[in-house]
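Input: a single structure, listed below in structure tokens.
The values are calculated or read from the model by the stated rules, or taken from the named source; none is laboratory data. Computed from a prediction, not measured in an experiment: that's the story for all the values here. FYI the Cβ positions are ideal-geometry reconstructions off the backbone, even for glycines, and counts take in every protein chain you see.
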Amino acid sequence: NAGVTQTPKFQVLKTGQSMTLQCAQDMNHNSMYWYRQDPGMGLRLIYYSASEGTTDKGEVPNGYNVSRLNKREFSLRLESAAPSQTSVYFCASLVGTPVREQFFGPGTRLTVL
Amino acid sequence: GNSVTQMEGPVTLSEEAFLTINCTYTATGYPSLFWYVQYPGEGLQLLLKATKADDKGSNKGFEATYRKETTSFHLEKGSVQVSDSAVYFCALSERNNNAGNMLTFGGGTRLMVKP
């Protein structure tokens with residue numbers, strides 16, 4: 001099992017450009033999540049998907065959109081990147097039982113100039 | 001709402017020193033508690049967990065006890081190694097009907113262990 005994979009690992013954008021961050025998991029998990037990590041602020045939830053075909057906003061959804069393409073894949077899109085979106089982005093998926101543990105991908109480091 | 005507060009770092013220790021990283025939480029119900037570790041350039045990995053009061057989670061020499069009376073989940077290790085250098089995150093989760101556990105993270109504590 002590869003676990004949770006993310007692409008790309010690094011990306012530099014100019015203000016106003018768009019891009020999609022890809023995430024895939026091969027653990028047959030129903031729930032998937034997108035977080036951003038900023039210095040001193042821990043991880044903050046952007047969007048989550050409880051199951052294929054459903055998505056919901058998290059704590060900081062503004063400026064982002066998501067697509068749960070199928071059970072494996074959950075993508076995050078920045079339509080018009082802003083410097084405030086410079087961050088490290090993590091995707092995670094949730095195992096069901098007995099204790100609901102989240103597994104994280106390696107992250108995407110995004111810089112918006 | 002839920003919140004998690006961790007001691008600010010960085011914490012710098014010599015090898016074989018005793019480690020404590022404090023974590024306190026605020027939650028409306030009865031959360032599960034977690035410690036995650038992030039090594040340089042990597043994603044978060046679950047270090048240990050506890051699901052109810054007085055439970056002790058342990059892994060790789062690290063321990064933390066779920067203290068409901070003090071709403072705390074402090075991380076401890078008796079003798080740290082250079083390889084323990086990382087950022088440690090305390091987190092809690094309460095069941096969300098839509099997506100199972102929604103994790104609330106503390107700000108993270110960077111640990112640096114010197115030989």
*Of the conditions (1) surrounded by fewer than 20 Cβ atoms within 10 Å (Cβ to Cβ); (2) within 14 Å of the chain's Cα centre (by Cα); (3) assigned to a strand (DSSP E or B), B:Ser93 fails just one. Which one is it?*
(1)
*Within the stretch A:4-43, which residues are modelled with pLDDT under 95, of a type in the set (D, E, K, R) and either within 14 Å of A:Gln102 (Cα to Cα) or touching a helix residue (DSSP H, G or I) at 6+ places or on another chain (Cβ under 9 Å) (or both)?*
A:Asp26
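Need at least 1 residues that are without any contact (Cβ under 8 Å) to a residue 40 or more places away in the chain per element, so show me which strands (runs of 3 or more DSSP E) inside chain A make the cut, counting only ones lying wholly within it. Explain how you work it out, then say what you get.
Values: elements: A:4-7, A:10-13, A:19-25, A:31-37, A:43-49, A:64-68, A:74-78, A:87-94, A:102-104, A:108-112.
Where strands (runs of 3 or more DSSP E) fall fully within chain A and carry at least 1 residues being without any contact (Cβ under 8 Å) to a residue 40 or more places away in the chain, they are A:43-49, A:64-68.
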*What is the one condition in (1) within 12 Å of the chain's Cα centre (by Cα); (2) crowded, with 21+ Cβ neighbours inside 10 Å that B:Pro31 does not satisfy?*
(1)
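For (1) within 12 Å of the chain's Cα centre (by Cα); (2) at pLDDT 95 or above; (3) over 23 Å from A:Thr5 (Cβ atoms), each residue gets a yes or a no:
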site	(1), (2), (3)
B:Glu42	no, no, no
B:Ala64	yes, yes, yes
B:Glu76	yes, yes, yes
B:Asn101	no, no, no
B:Gly106	yes, no, yes
*Identify all residues within the stretch A:25-51 that are surrounded by fewer than 21 Cβ atoms within 10 Å (Cβ to Cβ) and of a type in the set (Ser, Thr, Tyr); write none if there are none.*
A:Ser51
*Failed condition for B:Ala64, given (1) of a type in the set (Gly, Ala, Ser); (2) within 14 Å of another protein chain (Cβ to nearest Cβ); (3) touching a strand residue (DSSP E or B) at 6+ places or on another chain (Cβ under 7 Å), with all others met?*
(2)
*Among the residues of the stretch A:73-94, which ones are touching a His at 6+ places or on another chain (Cβ under 9 Å) and either polar (S, T, N, Q) or surrounded by fewer than 19 Cβ atoms within 10 Å (Cβ to Cβ) (or both)?*
A:Ser93
*Hits in the stretch B:48-64 - residues which are out of contact with any Gly (no Cβ under 8 Å at 6 or more places or on another chain) and touching a residue at least 12 places away in the same chain (Cβ under 8 Å)*: B:Thr51, B:Lys52, B:Ala53, B:Asp54, B:Gly57, B:Asn59, B:Lys60, B:Phe62
*Looking at this structure, is B:Asp84 away from every other protein chain (no Cβ under 11 Å), crowded, with 19+ Cβ neighbours inside 10 Å and charged (D, E, K, R)?*
yes
